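Shown next, in structure tokens, is the structure this report addresses.
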Amino acid sequence: MHPTEISSNPKRWALFLDVDGTILDVAATPGEVVVAPDLIESLRRVEALLFGALALVSGRTIAVLDKLFAPLSLPAAGEHGAELRPVPGQPVVRCTAHPFDPALRTTLRMLVAEHPALLLEEKPASAVVHYRRAPEMGPAIERRLRALLAVADPDLDVFCRQNVLGHPAGNLHQGTALRHLMGIDRFSGRTPIYVGDDVTDEDGFAEAERQGGKALVVAGEYRTPRPIAFLAPENVRGWLRQLAAVQEAAA
């Protein structure tokens, strides 16, 4: 399936969208991203086209996603699968009782305090060190983080993407989130389509393909190369507008 082509039956899809770098342009800091009103309208129409089988899958918390896309509320997985809310309006379910190590959190705060260009994004089950304002620091920061994690918890991992370093929440990831959501009524029995832009999305790609679906890849950094479907988030937004037009025509 080429992403610029509209399927003869997109109503049978279950669509999973990563957020930063996929439908939103990456910004210098997480708080500087821009969500245009026309994107929210496109998502609203695509959700209607898919009878609710549209979910946001992100490293951000679900509370932050709700603020970004308000007044639209969608099914969502946050913190790389550590949070789930299959049905809008229902409570967020935490999928892990294992919080981020307080000692490691303190160490990361001290590390970031040493370098004003760094930003620490703290979440209940994970943390991200952003260094987009000082990209030359990337290799050194990655080495430092890997050394810290090796001592604190060898099971934790470091990922690097577009000047961001951090780690997902243990053995939870976008793939486990997709698997759980596909068991929910509004997603069950559909063809999963996962759209993402970096290494944290690879588990989502693999799970979608395992369930007979498709991975639509935005150009980025990956451990497992796949054909590129979109060059940038603006292309994904254009594709969503095409899907929204299908819904509008059918309304």
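Quick look at the values:
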quantity: Aspartates and glutamates with Cα under 14 Å of K123, excluding same-chain neighbours fewer than 8 positions away; calculated: E79, E83, D101
quantity: Excluding exposed DSSP-loop GluC sites (Glu not before Pro) (at most 16 other C-beta within 10 Å), longest clean stretch of the chain; calculated: 6-113
quantity: Carbon + sulfur, % of accessible area of the chain - ligands and nucleic acids excluded, 1.4 Å; calculated: 55
quantity: Candidate lysines - alpha carbon under 21 Å from K11, same-chain residues fewer than 8 apart omitted; calculated: K214
quantity: Whole-percent pair-distance distribution, where bins are 10 Å wide, for the alpha carbons of the stretch 170-251; calculated: 18, 41, 35, 6, 0
quantity: Rounded accessible area per residue of the stretch 206-251, 1.4 Å, Å²; calculated: 55
quantity: Kirkwood-type radius of the stretch 46-139, with distances r between different C-alpha atoms, in Å; calculated: 15.1
quantity: The stretch 46-73 versus the stretch 216-251: alpha-carbon centroid distance in Å; calculated: 16
quantity: Length-normalised contact order of the chain in % [C-alpha pairs under 8 Å, at least 6 apart]; calculated: 23
quantity: H173 accessible area, assembled protein chains, probe 1.4 Å, Å²; calculated: 40
quantity: Trypsin sites (Lys or Arg not before Pro) lying in DSSP loop within the stretch 202-234, provided at most 14 other Cβ fall within 10 Å; calculated: R223
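The values are calculated or read from the model by the stated rules, or taken from the named source; none is laboratory data. All values reported here derive from a predicted model rather than from experimental measurement. Backbone-built Cβ (ideal geometry, glycine too); neighbour counts: all protein chains shown. Each accessible area value is taken on the protein alone, full model and side chains, heavy atoms only, with ligands, DNA and RNA left out. Shrake-Rupley method; radii C 1.70, N 1.55, O 1.52, S 1.80 Å.
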